[in-house]
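This report concerns only the one structure given below.
The values are calculated or read from the model by the stated rules, or taken from the named source; none is laboratory data. For clarity, every value in this text was computed on a predicted model and none was experimentally measured. Backbone-built Cβ (ideal geometry, glycine too); neighbour counts: all protein chains shown. All accessible areas refer to the heavy atoms of the entire protein, side chains included, with ligands and DNA or RNA removed. Shrake-Rupley method; radii C 1.70, N 1.55, O 1.52, S 1.80 Å.
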There are 2 protein chains.
Amino acid sequence: MNLKELAHHLNLSQTTVSRALNGYPEVKKTTRLRVEAAAREFNYTPNARAKGLATGRSMSIGHVIPTSAKREMVNPVFGDFITGASEAYVQAGYDLVLTLVEDGKEERLYRNIRDKGNVDGIIVHSPRMQDSRIALLSDLGLPFVVHGRASDITADYSWVDMNSRRAFSRATAFLIELGHRRIALVNGLEFMDFAFRRRDGYLSALAAQAITPDPALMRAGEMTELLGHQSARDMLDLADPPTAFLTSSMVTAIGVRRAIQEAGLEMGRDVSVITHDDELSYLKNGQDVPLFTATRSSVRAAGRRAADMLLQMIADKDCGPLHSLLEAELILGNSTGPAPAADIKTPYRQERT
Amino acid sequence: MNLKELAHHLNLSQTTVSRALNGYPEVKKTTRLRVEAAAREFNYTPNARAKGLATGRSMSIGHVIPTSAKREMVNPVFGDFITGASEAYVQAGYDLVLTLVEDGKEERLYRNIRDKGNVDGIIVHSPRMQDSRIALLSDLGLPFVVHGRASDITADYSWVDMNSRRAFSRATAFLIELGHRRIALVNGLEFMDFAFRRRDGYLSALAAQAITPDPALMRAGEMTELLGHQSARDMLDLADPPTAFLTSSMVTAIGVRRAIQEAGLEMGRDVSVITHDDELSYLKNGQDVPLFTATRSSVRAAGRRAADMLLQMIADKDCGPLHSLLEAELILGNSTGPAPAADIKTPYRQERT
DNA sequence: GACTCATCTCAAAGCGCTTTGGACATTTGC
DNA sequence: GCAAATGTCCAAAGCGCTTTGAGATGAGTC
């Protein structure tokens, strides 16, 4: 059933039916009700392509996620982010179109996306520190929101991000307060902006207590279980091993825990661990008492926020770049405790904020 | 730059330009080259909505994934599946549109999707044992491929699935061969078809050796780390605890491992574990020697396969329902070993296939 | 009764593309 | 040499919708 048929059936013009359905005022109330009833009865749904062609809007949002042939990992965070964003899209009647793109082929792709015209806006995932996509998209004139930021970019653009620096600096300060001095960082790939910020937070907290960072205690890589395991195993083997670990993801933390156990140590007593917890739906951090002490920020909420922002920008072209900085909570779990006796030095008491 | 402008610029009609670009034969070679050069020069990309309207095809595929307000978990397998499917779509010039739908609202949604006309086909995720979506989609006349099967549906439809029953029956048989008799199953939700099949495989292997299944050793739930942990903890507490676990996902297996360690036991020596490994990109099962003995089947490959099938069905309406059954490998890792001495009974030797 | 307003409705243009049904020129077949 | 076939191009219709500009209709005003 299309508009023409529906109109004919109702003995009305397409114009009137269209207006009735789209809430225009110049339609008599009784007519409108009659039209709506018929539309329901015949299960009429306007053809999206035709509607899009006529209105110039596609009612869908593009999510572009980068992949690379080498590190061919799909960020596990993605599913939850999408779930959050979807809530907003469903409410607003938007669709979500997903595009995976190999590193490097991005310029052509974004241009294509714009010219094809099948999305009204874009969500950019996984920004690097300097990310050419941002300038490109600004040029293209397609509304976009970045999930994360790009530290090296000075131009203004819209983003939603977690305060990674603050979260990791708080976590580090907390470990220091517990008496830890040898604190290891198992980070994500540090050309990714979020990972860079996390390290920055970690270093700043060390510096605040005049602790010299030890390169041997810093590792970065794809945030897999293996990375956590290997890093922790190697570090625990050092002559002067760490008494605490800070990791960038739950999966990595699980690897760290494995290495700790294999070393015959107990997490939370012999070695402390703090991880970042994205609140992924399939990786809950314990139930009553969290398994891991963690900096926690829901990536699903971030997705929701980003989508809301983008929709707002589409509705109001001039609302200018929007920003949203989400603060992570520091939640206490069973994986942290005072530094083992041998290592305890009275820490400078520090106000936690 | 649109077709009209491009045509005008070239002093040609839209017809000719369109034909030149779409490879129709009735265009002189030199004209075609001239057109192609200009298209490249001006970065011409046809508008997808207009093209879709004219051709009646949208050049995109819908992925519909069910969520429920209650168990609001996004299947972590999803990211990898999509990655596989994307490979096919990119090659064929298709887009992927993603829709999350709450349980129950599906009928209306699928009908809408068809009438909106913004996808040419659908991939159905996470089928239940009896799944109304399949009959519905058949009625709607929209090509679709199911990732998984629905045991209670007799009608023919297209699917890609892993041979869950065989995989779990082999895994169970292998454990029996190692001397295990008390074998626990920590499964996914059993109204999900794949989980049902896995239990079926498990039970059949037990039955083949005349081992009576013990309800106390069977658990099902969302495949989280917590499920694995709680199930294993409870079971290891039994008077007659299991000596081996079969779990439906890596994440769950990690929870089982945790419980084993907390019980002061060693995985692979005191207690054996076999898990199913979807080869998720962020959850590699060890490196040289796998951490877990596992039934392994790449969900990414399944995605690729499903997408290829769907594209074929779209290209050739009459190619009829297609099926693809993927066999899982049984790979040996460090998590299995002979049943502890006390429990060893000489097993009937069984041919593994 | 002639006038203006509202109110309601419609025909038709247009969104950017494909595709049908020729038109015209050039070859080919006999 | 002429009809038929072929090669190359175009004008125009149509995909299903929205939206413009204007035409009816009836109520209110002088």
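For the stretch A:153-165, the criterion of being farther than 30 Å from A:Asp234 by Cα, touching a residue at least 24 places away in the same chain (Cβ under 8 Å) and open to solvent by less than 10 Å² (accessible area, probe 1.4 Å) is satisfied by at least one residue.
Put simply, of B:Asp270, B:Asp240, B:Asp277 the only residue that is within 28 Å of B:Ile122 (Cα to Cα) and of a type in the set (D, E, K, R) is B:Asp277.
If you take the residues in the stretch A:105-139 that are open to solvent by less than 20 Å² (accessible area, probe 1.4 Å) and more than 14 Å from every other protein chain (Cβ to nearest Cβ), which one is farthest from B:Glu41 (Cα to Cα)? Only one residue tops the list, namely A:Pro127. Screening A:Tyr94 with (1) assigned by TED's automatic domain parsing to the domain that holds A:Leu21; (2) under 24 Å from B:Arg49 (Cβ atoms) gives one miss only, at (1). Taking first residues from the stretch A:125-142 that are assigned to a helix (DSSP H, G or I) and partners that are of a type in the set (D, E, K, R), the Cβ contacts under 7 Å between residues at least 6 apart in sequence or on separate chains come to A:Arg133/A:Glu106; A:Leu136/A:Glu107; A:Leu140/A:Arg111; A:Leu140/A:Arg114. The residues listed here are A:Ala85, A:Ala92, A:Ala38; of these, the one that is touching a residue at least 24 places away in the same chain (Cβ under 8 Å), more than 9 Å from every other protein chain (Cβ to nearest Cβ) and either open to solvent by 20 Å² or more (accessible area, probe 1.4 Å) or of a type in the set (Asp, Glu) (or both) is A:Ala92. Do we find a residue being buried (at least 23 other Cβ atoms within 10 Å of the Cβ), of a type in the set (Val, Ile, Thr) and within 14 Å of chain A (Cβ to nearest Cβ) anywhere in the stretch B:242-250? Looking through the stretch B:242-250, at least one residue is buried (at least 23 other Cβ atoms within 10 Å of the Cβ), of a type in the set (Val, Ile, Thr) and within 14 Å of chain A (Cβ to nearest Cβ). Within the stretch A:52-62, not a single residue is open to solvent by less than 60 Å² (accessible area, probe 1.4 Å) and over 30 Å from B:Met59 (Cβ atoms).
When restricted to residues that are over 11 Å from B:Ala38 (Cβ atoms), within 14 Å of chain A (Cβ to nearest Cβ) and either crowded, with 18+ Cβ neighbours inside 10 Å or more than 7 Å from DNA strand C (Cβ to nearest atom) (or both), the stretch B:1-19 contains 1. Tallying residues that are touching a residue at least 60 places away in the same chain (Cβ under 8 Å), polar (S, T, N, Q) and assigned to a helix (DSSP H, G or I) within the stretch A:215-251 yields 0. Return the only residue of A:Ile254, A:Ile314 being within 22 Å of A:Leu226 (Cβ to Cβ) and either buried (at least 16 other Cβ atoms within 10 Å of the Cβ) or at pLDDT 95 or above (or both). Exactly one of A:Ile254, A:Ile314 is within 22 Å of A:Leu226 (Cβ to Cβ) and either buried (at least 16 other Cβ atoms within 10 Å of the Cβ) or at pLDDT 95 or above (or both), namely A:Ile254. Given the residues B:Arg165, B:Arg149, which is the only one that is touching a strand residue (DSSP E or B) at 6+ places or on another chain (Cβ under 6 Å) and not hydrophobic (A, V, I, L, M, F, W, C)? Matching residue, one of B:Arg165, B:Arg149: B:Arg149. Scanning the stretch B:177-194 for residues that are in a helix (DSSP H, G or I) and crowded, with 21+ Cβ neighbours inside 10 Å yields B:Asp193, B:Phe194.
Among the residues of the stretch B:303-323, write down those that are touching an Asp or Glu at 6+ places or on another chain (Cβ under 6 Å) and within 14 Å of B:Ala85 (Cβ to Cβ).
B:Arg304, B:Ile314 - these are the residues of the stretch B:303-323 that are touching an Asp or Glu at 6+ places or on another chain (Cβ under 6 Å) and within 14 Å of B:Ala85 (Cβ to Cβ).
Inspect the stretch B:207-217 for any residue being out of contact with any Asp or Glu (no Cβ under 8 Å at 6 or more places or on another chain), under 28 Å from B:His147 (Cβ atoms) and surrounded by fewer than 18 Cβ atoms within 10 Å (Cβ to Cβ) and give the result as yes or no. Checked the stretch B:207-217: no residue is out of contact with any Asp or Glu (no Cβ under 8 Å at 6 or more places or on another chain), under 28 Å from B:His147 (Cβ atoms) and surrounded by fewer than 18 Cβ atoms within 10 Å (Cβ to Cβ).
Please find, among B:Ile113, B:Ile65, B:Ile82, B:Ile122, the residue that is within 29 Å of A:Tyr110 (Cα to Cα), more than 16 Å from DNA strand D (Cβ to nearest atom) and outside any strand (DSSP E or B).
Sole residue among the options that is within 29 Å of A:Tyr110 (Cα to Cα), more than 16 Å from DNA strand D (Cβ to nearest atom) and outside any strand (DSSP E or B): B:Ile82.
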